[in-house]
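**Q** Before I ask anything, here is the structure I am working with.
All of the numbers you see were taken from the coordinates with simple rules; none came from a lab. Remember, it's a predicted structure, so these values are computed and weren't measured experimentally. Here the Cβ positions follow ideal geometry from the backbone for every residue, glycine too, while neighbour counts run over all protein chains shown.
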Amino acid sequence: MLLLYALAQFKNEKIERIAFNDAESVVGPLIQTYGPFNSTTSVTYPYARLANDKSEIWWIEEHEKNASDDLSLTEARNRNLKAGFSDDVLRHLRDNPKLIDLVAINLLERHFPPSLHPDILDAVGLYLGQDEIENVIRKKRDPRFRSIVLAAYYEQCAVCKYDIKMNGAAVALEAAHIQMHSAGGPDEVTNGLALCVIHHKLFDLGAMSVDKDMNVRVSERVVGDWGRKLNDEFHERPIALPRSTSMEPAPEYIHWHNEKIFKGFVR
C-alpha cells in the first residue's frame, strides 16, 4: 500500500519524498481494510523497514529507533519524517514513466485479488490506462476459467442465487478464485466460486468466506443495515453447490482463504 501511494505521488505530483503524516492519513486506513485479519501493522513498519531491504529501493530520513528496533510512531509524527524511493529507483522511473504502471500492476497482482484492484488504485490516487497494462493482466488468466466455473454453478451466485441474463449471457456474475491466482491458486473449477459482483468483492475483501462444511461465514467486522441483512440471510447457510461433487471447492483452497483473507473466525 505504501509503495502504491508513493508511486501515485510521484506520477501525479512529481513528489519524490513523501511526508509521514500524509502517508499515514491515506495508507493507515487501507492497511486496516485490505491487510490481514487482526493485523497491528501501522505505517511506521513499512515506512522504515523498506529501507532495510537488500534491493535498496527505499530511502528514509535519519531517525531514532525504539526498543523493538523499529521507527517510533511519536517521532515519525512529530518530525513528519520524509521517505520515498531510492535515488536509483527514481532515476529509472523518470527515464521510463511506464515503469510506474508496470510496478503498480506487479504489486497488485502479487498481493490483492483482481476485484479489489480498482478500489485500491482509486484510494491511493493512482490511475492506469495503457492498453498494454491490460494485456499484462489478461495473459496471466485462463480465459476458460470463468465459463467453466459459471457452468458448474448453473450460472447463478453460489451465495444468493442471483442469475440475471441478457440475450442469453450472464450479467454481473463472475468466477471468483478461492485461493488467489498470484498465491498459487490454479484456474480450476475446484478453486472457483460463481459469485455476483457484490458477493465476489465481499469474498475477496474477507468480509465473508465459506467453511469446510460449505456454509457461508460472515465476518464480525461487517456492520450497517446491509451488513445485518447479509448476516441474517446468509451467515451459516449452505452455498448452492455445483452440479457435481467433483467440482466442489477443494478443502485446501477453502482453508487458504480462511487463513489468509477472511477477516473473521471460522470454527
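**Q** Could you please tell me the mean projected area of the C-alpha convex hull for the range 144-260, averaged over all directions and given in square nanometres to one decimal?
**A** Approximately 7.1 nm², given one-decimal rounding.
**Q** From the C-alpha gyration tensor of the range 2-138, pull out the three semi-axes of the equivalent ellipsoid (sqrt of 5λ each), sorted largest to smallest, in whole Å. Mind showing how you got there, number by number?
**A** Numbers: eigenvalues 130, 65, 33 Å².
Largest first, the range 2-138 gives 25, 18, 13 Å.
**Q** Place +1 on the Cβ of every Lys and Arg and -1 on the Cβ of every Asp and Glu in the chain, take the dipole about the Cα centre, and give the residue among ALA83, LEU73, VAL43 whose Cα lies farthest towards its positive end.
**A** Of the options given, the answer is VAL43.
**Q** Shifting gears a bit: Give, rounded to the nearest 20 debye, the magnitude of the charge dipole that the chain has about its Cα centre when Lys and Arg contribute +1 at Cβ and Asp and Glu contribute -1 at Cβ.
**A** 440
**Q** Test of understanding: ordering CYS157, CYS196 by Cβ neighbours within 10 Å, fewest first, what list do you get?
**A** On the way: CYS157 26, CYS196 23.
By the 10 Å Cβ count, ascending: CYS196, CYS157.
**Q** Structure shown: which of LYS161/LYS260; LYS201/LYS260; LYS201/LYS263; LYS98/LYS201 lie over 18 Å apart, alpha-carbon to alpha-carbon?
**A** Values: LYS161/LYS260 26 Å; LYS201/LYS260 16 Å; LYS201/LYS263 13 Å; LYS98/LYS201 28 Å.
Among LYS161/LYS260; LYS201/LYS260; LYS201/LYS263; LYS98/LYS201, the Cα-Cα distance tops 18 Å for LYS161/LYS260; LYS98/LYS201.
**Q** Rounded to the nearest 500, what is the chain's calculated 222 nm mean residue ellipticity when only DSSP H runs of at least 4 contribute -39500 (n - 2.57) each, over all residues? Each step should come with its number before you reach the end.
**A** Working: 12 runs with 117 residues, N = 267.
It comes out at -12500 deg cm²/dmol, rounded to the nearest 500.
**Q** Follow-up question, since we're still on this one. Could you calculate the contour length gain from ASP70 to ASP22, that is, 0.36 nm times the residue separation minus the distance between their Cα atoms, to one decimal place in nm? Mind dumping the intermediate values first?
**A** Details: separation 48, 0.36 × 48 = 17.28 nm, distance 1.96 nm.
Computed gain between ASP70 and ASP22 is 15.3 nm.
**Q** Give me P(r) over the range 44-114, computed from all C-alpha to C-alpha distances, binned every 5 Å, as integer percentages.
**A** The distribution over the range 44-114 is 3, 14, 20, 20, 17, 14, 9, 2, 0, given as percents.
**Q** Projected area of the chain, taken from the Cα convex hull and averaged over every viewing direction, in nm²? Mind dumping the intermediate values first?
**A** Details: hull surface 65.6 nm².
The orientation-averaged projected area of the Cα hull of the chain comes to 16.4 nm².
**Q** Round to the nearest 0.05 the FRET efficiency obtained for ALA250 and ARG221 when R0 = 35 Å and r is the Cβ-Cβ distance. Walk me through the numbers before you get to the answer.
**A** On the way: r = 26 Å, r/R0 = 0.75.
Step by step, r from the Cβ atoms, then E = 0.85.
**Q** So which lysines pass the test for LYS54, namely a Cα distance under 23 Å, with those fewer than 8 places away in the same chain ruled out?
**A** Partners found: LYS65, LYS82.
**Q** For LYS14, give me every one of the aspartates and glutamates with a C-alpha distance below 14 angstrom, ignoring sequence neighbours fewer than eight places off in its own chain.
**A** Output for LYS14: ASP87, ASP95.
**Q** Let's see if you can work this out: charge +1 on each Lys and Arg Cβ, -1 on each Asp and Glu Cβ, no other charges. What is the dipole magnitude of the range 144-260 about its Cα centre, in debye to the nearest 20?
**A** Numbers: 13 positive and 16 negative charges, 49 e Å.
Using only the charged Cβ atoms, the result is roughly 240 debye.
**Q** Can you pull the percent of Cα pairs in the range 72-226 with separation above 26 Å?
**A** So the portion of pairs separated by more than 26 Å is 42 percent.
**Q** Where nothing but the Cβ of Lys and Arg (+1) and of Asp and Glu (-1) is charged, how large is the charge dipole of the range 2-138 around its Cα centre, in debye to the nearest 20?
**A** Details: 14 positive and 22 negative charges, 8 e Å.
For this selection, approximately 40 debye.
**Q** Could you tell me the center-to-center distance, by alpha carbons, between the range 1-29 and the range 162-228 in angstrom?
**A** Measuring centre to centre over Cα atoms gives 31 Å.
**Q** For ASP70, ASP204, what's the fewest-to-most ordering of other Cβ within 10 Å of each Cβ?
**A** Values: ASP70 14, ASP204 23.
Least to most surrounded, the residues fall as ASP70, ASP204.
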